[in-house]
Amino acid sequence: MGNIDTMTFVKIILGISLAAFVISFWVLMIRDCKDNMEGYERYKWFMILIVGNVIGALAYYILPRRKRKSEQGF
């Protein structure tokens, strides 16, 4: 095997870190949906999260999750 130069190593580490962050964020949004939504809303947002992946997770974070947090006084 050849040696990897420093920039390639940094890019690999940053890529893995970004992927871990994105996957963690997506899983946390799915868990939040499961714990805090009820009925039709839960199924609707669950499907958006699964099909939309990261974009669906961002939409969930911006729309119903923030609205719920502001209603609770956070």
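Summary table
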read-out	value
Listed candidates [x] 14.1; [y] 12.8; [z] 15.3 - label of the one calculated as Kirkwood radius over Cα pairs in Å	[x]
Stretch gain in nm, segment I16-R31, where the contour uses 0.36 nm per residue and the Cα spacing is subtracted	3.2 nm
Furthest towards positive pole of dipole, L14, V51, Y40, structure part the chain, Cβ charges	Y40
Among K34, K44, K11, residue whose mean-square fluctuation peaks in a GNM of the chain (springs only between Cα atoms under 10 Å)	K11
Nonlocal Lys pairs with alpha-carbon distance under 21 Å, the chain (8 or more apart, or different chains)	5
Residue-by-residue Karplus 3J(HN,Hα) for the stretch 52-57, coefficients 6.51, -1.76, 1.60, Hz, glycine and proline x	x, 6, 5, 5, x, 5
Cβ-derived FRET efficiency at R0 25 Å, N3 paired with V54, nearest 0.05	0.15
Using alpha-carbon coordinates, inclination of helix 6-36 to the longest axis of the chain, degrees	10 degrees
Spatial separation of Cα centroids for the stretch 14-36 and the stretch 45-64, in angstrom	11 Å
Rounded to the nearest 20 debye, dipole of the stretch 1-63 from Cβ charges on Lys, Arg, Asp, Glu	80 debye
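Read-outs: derived from the displayed coordinates by stated rules, not from any lab. These figures come from a predicted structure and were not determined experimentally. Virtual Cβ from ideal backbone geometry, glycine too; neighbours counted across all protein chains shown.
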